[in-house]
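Just below is one structure, and these are the notes that go with it.
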Amino acid sequence: MKNRLMILTALGLGLALTSVQAQTVYDAAQIVDSDLNGTARFVAMGGAMGALGGDISTMGTNPAGIGIYRSHDFTTSFGFSSYGTESNYMGNVMNVDKIHGSFDNLGFVFSSKIGNLTALRYVNFGLNYHKSKSFFGNMEMGGALGNLSQTYQMADQAFGIDNWGSDPYMDPGIGWLSVLGYDGWLITDVTSQVTGTPLLDEDGNQVSDVNGNLLYRTPGSYVGLYDNGNATFHSEQRGGIDQYDFNVAFNIKDRVYLGMTLGVYSVDYNKYTVYSEDYGGGEYYSLTSNNQIVGSGFDIKLGAIIRPFEYSPLRVGLAVHTPTFYSLDYRTRAYVESSVYDPVTGRNEPASVATEEIVNGDMVQEFRLHTPWTYNVSLGYTVGNSLAIGAEYEYQNYSSMEFRNSQGYSKPYEYVNSTTEMMKGVSTFRVGLEYKVIPQFAFRVGYNYRSAIFNDDAYKDLPIESIQTDTDYANVDALNNYTLGIGYRGKFFYADLAYKYTTRKSEFYPFVNYFYTDNVLTEVASPEATQVTDTRSQVLFTIGMRF
């Protein structure tokens with residue numbers, strides 16, 4: 001560190017801050033997003049069962065689907081997935097493949113018959129657990145950066161800081177990216193502009209940087225020391241979102257089905273990244289970030305299924321989901337290691353800074369996240385007992401998401417909430433078909449599509465006071481799920497097998513640089529996009545009993 005020792009008196013494994021910000025819309029998108037998952041039958045039909053009902057997974061899409069049941073049901077599912085990620089940065093291709101097992105679903109439906117002579121025929125109750133989201137995945141990229149550098153983003157975040165003080169990691173007005181860059185000798189508080197006070201060496205001569213530019217000291221202005229580096233990036237994501245649904249549904253005259261589901265969510269998201277720049281000659285730096293988001297949330301789902309024509313098998317489904325109200329903790333720690341030569345001071349010894357040693361563990365920030373409303377409409381049609389067809393459309397306006405502090409106020413997050421304009425409305429389409437060759441055996445096929453979440457020009461805009469140090473982000477294109485499966489139905493026992501192939505493309509960027517003219521932001525630039533293709537092959541197996 002630069003001739004100072006930062007000592008904090010805070011004790012314990014972590015410190016809670018409510019006045020600083022860490023989250024971005026890219027973190028929120030990870031939490032809001034969900035996978036196509038549930039029973040093997042539900043997955044094999046692309047999730048298009050909102051109007052057909054009769055499957056325990058429908059309580060998470062259209063709660064009225066549980067009203068179709070006329071018997072009790074107990075079911076469980078587990079799966080095996082193969083993940084693949086290919087990244088292409090300016091012709092430098094890297095591949096990462098992983099395999100992962102999962103427990104995906106466990107649920108029970110209790111069906112209570114009221115009678116045939118009353119309008120209310122059945123009252124059903126359901127309880128279901130399923131893995132709503134898996135964060136499992138690794139990614140790597142590398143290559144030359146040209147005249148851009150993550151250190152320039154560090155310098156931009158440091159703009160306006162005249163005095164770092166004795167406790168900058170606890171100062172709510174100082175971002176961790178900037179102070180780590182300063183303590184790691186990656187940025188310096190001089191510029192090559194002809195402003196400020198000339199920087200002189202001990203002989204009274206004006207100092208120049210490695211490019212021969214005369215340096216001037218300008219209070220509150222910082223620059224990165226190098227460009228033209230070679231970058232390497234590695235990330236690992238783990239954890240998931242567990243969803244617990246509590247449902248009640250009603251059958252009215254076998255024509256109208258109504259349902260309500262209380263959803264409870266448990267979040268455990270872990271992200272580990274290592275980013276480095278190498279300038280040759282033994283000069284390099286690396287920045288390691290460990291981030292975790294943990295917490296819980298809840299929402300309410302309301303749904304209806306209607307058979308509009310008495311003698312027609314056509315069903316129309318409607319559902320609405322309230323925002324999910326999350327209470328979350330953001331936990332972070334970071335480590336920087338540097339051997340960059342400082343042309344200002346002549347310093348060339350290695351430097352290393354670990355935030356966990358400075359703040360005695362993880363920095364912890366409590367916050368709340370309100371996700372978008374969800375609107376769902378679906379159609380279902382059956383032909384005798386042999387063919388079932390489902391179609392579904394769902395909409396969420398991601399730009400309506402909102403961050404709040406732990407007390408429930410949105411004002412401290414005004415800046416972050418303004419960046420949700422970089423997100424857009426997301427449409428999801430689901431179609432599925434089931435055909436019974438004989439009453440006991442069925443074949444299924446489905447397709448599931450979700451449109452892109454971010455605008456093409458979106459970028460990760462870290463607040464100047466953010467404690468977040470992972471600057472990478474990816475603008476994900478549309479997601480496609482292709483599914484198929486088979487199923488067996490006995491008198492009491494049933495078993496289903498499904499295969500799901502998921503693919504999506506994205507453009508990855510390790511950081512952004514800001515360029516100003518007369519203190520006005522004129523350009524936001526990143527290195528050339530890394531073209532990333534993610535794939536997932538999942539085999540899902542469900543067994544159950546109806547009685």
ask   = If you go through region 139-157 one residue at a time, do you hit one that is closer than 30 Å to SER77 by Cα and not in a helix (DSSP H, G or I)?
value = yes
key: Odd one out for GLN538, checked against (1) modelled with pLDDT of 95 or more; (2) surrounded by 20 or more Cβ atoms within 10 Å (Cβ to Cβ); (3) closer than 30 Å to LEU177 by Cβ   = (3)
ask   = Does region 334-354 include one or more residues that are open to solvent by less than 30 Å² (accessible area, probe 1.4 Å), touching a strand residue (DSSP E or B) at 6+ places or on another chain (Cβ under 8 Å), polar (S, T, N, Q) and within 26 Å of ASN247 (Cβ to Cβ)?
value = no
Count of residues meeting criterion [touching a Phe, Trp or Tyr at 6+ places or on another chain (Cβ under 7 Å) and at pLDDT below 95] in region 293-313 = 1
key: Only one of SER266, SER235 that is under 24 Å from the mean Cα position of the chain (by Cα), touching a residue at least 24 places away in the same chain (Cβ under 8 Å), open to solvent by 40 Å² or more (accessible area, probe 1.4 Å) and within 26 Å of PHE103 (Cα to Cα)   = SER266
ask   = of a type in the set (S, T, N, Q), in contact (Cβ under 8 Å) with a residue 12 or more places away in the chain, in a strand (DSSP E or B) and farther than 28 Å from GLN468 by Cβ: does that describe SER112?
value = yes
query = Would you call LEU369 among the aliphatic types (A, V, I, L, M), crowded, with 22+ Cβ neighbours inside 10 Å and closer than 26 Å to SER451 by Cβ?
reply = yes
request  = State whether the residues of region 366-382 include one that is of a type in the set (Val, Ile, Thr), farther than 30 Å from SER166 by Cβ, part of a loop (DSSP other than H, G, I, E, B) and touching a helix residue (DSSP H, G or I) at 6+ places or on another chain (Cβ under 8 Å).
outcome  = yes
request  = Scan region 60-81 for residues that are of a type in the set (S, T, N, Q), open to solvent by less than 10 Å² (accessible area, probe 1.4 Å) and not in a loop (DSSP other than H, G, I, E, B) and report the count.
outcome  = 3
ask   = Does region 384-399 include one or more residues that are acidic (Asp, Glu) and surrounded by fewer than 20 Cβ atoms within 10 Å (Cβ to Cβ)?
value = no
query = How many of the residues making up region 496-528 are of a type in the set (A, V, I, L, M, F, W, C) and free of Cβ contacts under 8 Å to residues at least 60 places away in the same chain?
reply = 3
message = Please verify whether ALA119 is open to solvent by 10 Å² or more (accessible area, probe 1.4 Å), small (Gly, Ala, Ser) and on the phi < 0 side of the Ramachandran plot, treating the condition exactly as stated.
response = yes
ask   = Taking region 477-492 only, how many residues are among the β-branched types (Val, Ile, Thr) and without any contact (Cβ under 8 Å) to a residue 40 or more places away in the chain?
value = 0
query = Does SER57 qualify as being open to solvent by less than 30 Å² (accessible area, probe 1.4 Å) and either of a type in the set (Lys, Arg) or in a strand (DSSP E or B) (or both)?
reply = no
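The values are calculated or read from the model by the stated rules, or taken from the named source; none is laboratory data. Just so we're clear, the structure is a prediction, and the values are computed from it rather than from any experiment. Note: ideal-geometry Cβ built from the backbone for every residue, glycine included; neighbour counts use all protein chains shown. Areas reflect the complete protein model, heavy atoms only, side chains present, ligands, DNA and RNA absent. Shrake-Rupley method; radii C 1.70, N 1.55, O 1.52, S 1.80 Å.
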